[in-house]
Each structure stands twice: as structure tokens, then as C-alpha cells.
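A short write-up of the structure that comes next.
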Amino acid sequence: MSLAMQKELESPYVMHTFGRSEVDFVGGHGMVLTDDAGREYTDFLAGIGVCCLGHGHPALTEAVRSQAERLMHVSNYFYIEHRGQVAALLSKLANDDMAGARAIADAVAAGDDGALAAAAAPAEGEQVWETFFANSGAEANECSMKLARLYAKRVGNGGNTIVCLRGSFHGRTLETVAATMQDRLQDEFRPLPGGFVACAPNDVEELRSVFERYGEEICAVMLEPIQGESGVHPLTREFMEAAAELVHGVGGLLIADEVQTGVFRSGKPFAYQVLGVEPDIMSLAKGIAGGVPAGASVAKKEVADVYRPGDHGSTFGGSCLAVAAAEAVLCELVRGAYDGHAAEVGAYLQERLAALPQVTEVRGSGLMVGCDLDEAVGDAHDVVARMVSAGFVINATGARTLRFLPPLICEREHVDAMVAALASAL
């Protein structure tokens, strides 16, 4: 169907919650998207960090096809294939145990149940992480916040206040909007759920003052190790260490929102590992299933075990299709050494962007990169439109900021082509 026809159909029937670019994508392979006229575009957005293996990856495509032919959904009242394997992989990766995760992935690839059971079994003294499967980042964050409050009520300090950071983004539900400390996203939807307190990112003194004021009323600090929607702003190690120390000091928990930063995007399995500060709970989505809707709240066993049957749930979360896709994606990422690849190519992308005279600052980690533009360039959204016209898909998070979230299969030659086009567009 043509772009014109698609627009004609959507206009009267689809809610106008997005300002869409003038392009209708109908296909893709690797780093390439194809529109309705057959024109190709190099993708540096990956569906907002979702399509981590690019488009049409054979491992993911086959996993989805095979599972769809067998069984798509039965609900969480039953055991299903792949769910335990994915949870075990996430637990190993949360511990930055790449060897353990690779042993699981190799056993899955070989179809060796004995080797899989041995590889997945926790070693003595190993930190075990348990997973609740959701459908999106917002749902994963809802689960993480509910868990933190329930933990406080049942075994913790009894508090219910969650400290969040200005400029954050945690989702579009009313609860996650309340946790997203941006007035432009909150004002039209008030009154919002309460129990949230704001703090400036990387301001340790303000964070200390928040804890001095609220003390044991605080059950959690929730933060993104790298704030994505505000323009790719990493937290400092000092700030994240202070957040962990302060929240644990009052008996609360640290929640890492890894929805955008997780699943190898930062050059590590999860971005908190780049900073070296471990949370008690983390929220995942986007790249976890490569394009199939999926999310997860992953918590240390001693925290997760406060949940009892009936405390939380989801009809579609962890469906047969979603966990089959997630298993295929995680196994491919673990076995393909994408952590080092994302770090190396991401560093090269930052280097090339920093060399452009119109770029005033470059930030990020791995293949999650943002850059600020000189005011003389004009609005960054116009630059995005010019890049689409030139055959490259990128993103603007504000009037002066561009964001790059390419698939993790991105190579240096893709970076070179994109930066050359960007230099012309600027």
C-alpha cells in the first residue's frame, strides 16, 4: 500500500499521538529499511532501540515463525517453553557472568537439556535474579515500583516514597508519568498518583538533602543509568554510588530503569555495569525480544520473593511468542560477542560525531549516543527530516539534540556513511 493511501486511512481512524515522518516502511534487512516505493534507508534508530539485531535477522525470524506455528499464547497459569531459559540468561547477565550466559546459550543452540540444566543451575553463593515478564517498559517499571513498595511494607522500612530524577522518562501510564519528572509530560494529566519526589541528576548534595528530609519514608530510588529521552545524559558513578548508599541506608531499594540502556546497548549487558553500581531491581524492554513486544522486571531473589501469587500479573506478559523471541535474541547476543562490538563501534561513532564542526557535545555509552548542535544549525528536527530525505533514519530528542540508537549489528562503514550524510545535512 502506498504512503498516500496509508495516510488517508490513518487520518480519520488513528489517534493523533505521534508526529510522523513522511515515510511508510514496508520491509527491511540488516541495517536497512525499505519504504513503499522501494527506496532504502540506513537505520540509526532501530525502532527506538528495539531492533537490536537489525531487521529480518534469521535467528529471530525463525524463532518467531517456529513458535507461531506451534503455540502463541496460553497464559501464565501454565508452564511454557523458553521462559525459564530466558530468566536464567537474565540472571547470569545481571551478574555480568558472560561465561555462564554463554554456557546456557550454547546448550540451547545444541538442544542439550542436560547441559542446559547444568549451566542454568545456580552455583553456591551465586546471586540469583528472578524475572517477572511484562509487555513493555512502562509495565516493567510498574512492576518494579510495586515490588519496591511491597518489599518496604512486608520486610523493609514501611516507606512508600520513590525518588526519581528530573529529565527522566519511565513510561506513559499515569504511574510512570508521575515518576517521569518532566512538567511537559505531566501537566495536562494531573492529578497524578502521589509518592514521588524529584531530584536533579548527578547532584549528590540535593540527593542527600532529599534523604535528610524524607528518611525512611523513601522505599526506593529509581533512575536510568543513562537518561535517554532527555538527550542521552549518563549518570556519574559518584551519583549512582551515592544513590545506592543513601537508599540502602534507610532500608530502601535501588531500581535501575534499563528499558533503553539494557541488553548490550551500552557495551555491557546492562548499563549499571558500566558504572559499577548494582541495583536491587531493574526494568527491561525494547531490545529484549528484538521487535516482539516484551518487557521484564528483574530483581534479586531476596527482594523478588516478597511477591506472592496474586500480587501482580499480566495476561500477555511472557507469552509463548515473546519468550521464544527473547531467547533467540539473548542467545545471539551472548554467543556473538555483541558487548565488545557495541562498545567499539559506539566509541567510533562518538569520535566521528565529535569531529563535526557543528557538534558542540557528544555523550553516551556503546551504541546509545547523543550529540548537541550549534544554534546556527537550526532545529534538530529539521536535520532529522533532511537525513530521512538523504536515506538515513535518526532521531531528535529536542531542538538542539540528536540521538542515535542503531541496531547492534552496526559497523564502522555504516557510521562513516551516516556521518558523511549528517555533515551535509548540517
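Applying the criterion of being open to solvent by 10 Å² or more (accessible area, probe 1.4 Å) and part of a helix (DSSP H, G or I) to the residues of region 152-176, the residue that is farthest from Leu235 (Cα to Cα) is Arg154. The condition of being closer than 23 Å to Leu185 by Cβ and among the hydroxyl-bearing types (Ser, Thr, Tyr) holds for only one of Thr401, Thr360, that being Thr401. Once region 143-157 is narrowed to residues that are touching a strand residue (DSSP E or B) at 6+ places or on another chain (Cβ under 8 Å) and not hydroxyl-bearing (Ser, Thr, Tyr), the residue that is nearest to Pro293 (Cα to Cα) is Cys143.
Give me the residue from region 327-343 that is in contact (Cβ under 8 Å) with a residue 60 or more places away in the chain and surrounded by fewer than 19 Cβ atoms within 10 Å (Cβ to Cβ) and, out of that set, nearest to His233 (Cα to Cα). Checked region 327-343; the qualifying residue nearest to His233 (Cα to Cα) is Ala343. Taking every residue in region 34-63 that is in a strand (DSSP E or B) and pairing it with any residue that is open to solvent by less than 20 Å² (accessible area, probe 1.4 Å) and of a type in the set (Asp, Glu), at least 6 positions away or on another chain, the pairs with Cβ-Cβ distances below 8 Å are Tyr41/Asp35; His55/Asp43.
Tell me, which residue of region 18-52 that is of a type in the set (Asp, Glu) and surrounded by 14 or more Cβ atoms within 10 Å (Cβ to Cβ) is farthest from Ile394 (Cα to Cα)? Checking each candidate, the answer is Asp36. Taking residues in region 74-92 that are over 12 Å from Ser319 (Cβ atoms) and in contact (Cβ under 8 Å) with a residue 60 or more places away in the chain, and partners anywhere that are open to solvent by less than 20 Å² (accessible area, probe 1.4 Å) and not in a helix (DSSP H, G or I), the pairs with Cβ atoms closer than 7 Å and at least 6 places apart or on different chains are Leu90/Trp129; Leu90/Ala296; Leu90/Val298; Ser91/Trp129. Determine if region 366-376 includes at least one residue that is without any contact (Cβ under 8 Å) to a residue 24 or more places away in the chain and under 20 Å from Ile48 (Cβ atoms). No - not one qualifying residue is present in region 366-376.
I'd like the full set of residues that are of a type in the set (A, V, I, L, M), in a loop (DSSP other than H, G, I, E, B) and under 23 Å from the mean Cα position of the chain (by Cα), limited to region 182-236. Don't jump to the end; show me each part of the working.
Taking region 182-236 first, the residues of a type in the set (A, V, I, L, M) are 185, 192, 197-198, 200, 204, 207, 210, 218, 220-223, 226, 232, 235.
Retained after the next criterion (residues that are in a loop (DSSP other than H, G, I, E, B)): 192, 200, 232, 235.
Listed by number, the residues that qualify are Ala200, Val232, Leu235.
Pairs linking a residue in region 210-237 that is touching a residue at least 24 places away in the same chain (Cβ under 8 Å) and of a type in the set (Lys, Arg) to a residue that is crowded, with 17+ Cβ neighbours inside 10 Å and assigned to a helix (DSSP H, G or I), with Cβ atoms under 6 Å and 6 or more positions apart or on different chains, are Arg237/Leu275.
The values are calculated or read from the model by the stated rules, or taken from the named source; none is laboratory data. Remember, predicted model here, so these are calculated numbers, not experimental data. Positions of Cβ are generated from backbone atoms using ideal geometry, with glycine treated the same way; all protein chains shown enter the neighbour counts. Heads up: the accessible areas ignore ligands, DNA and RNA and are worked out on the full protein's heavy atoms, side chains in. Shrake-Rupley method; radii C 1.70, N 1.55, O 1.52, S 1.80 Å.
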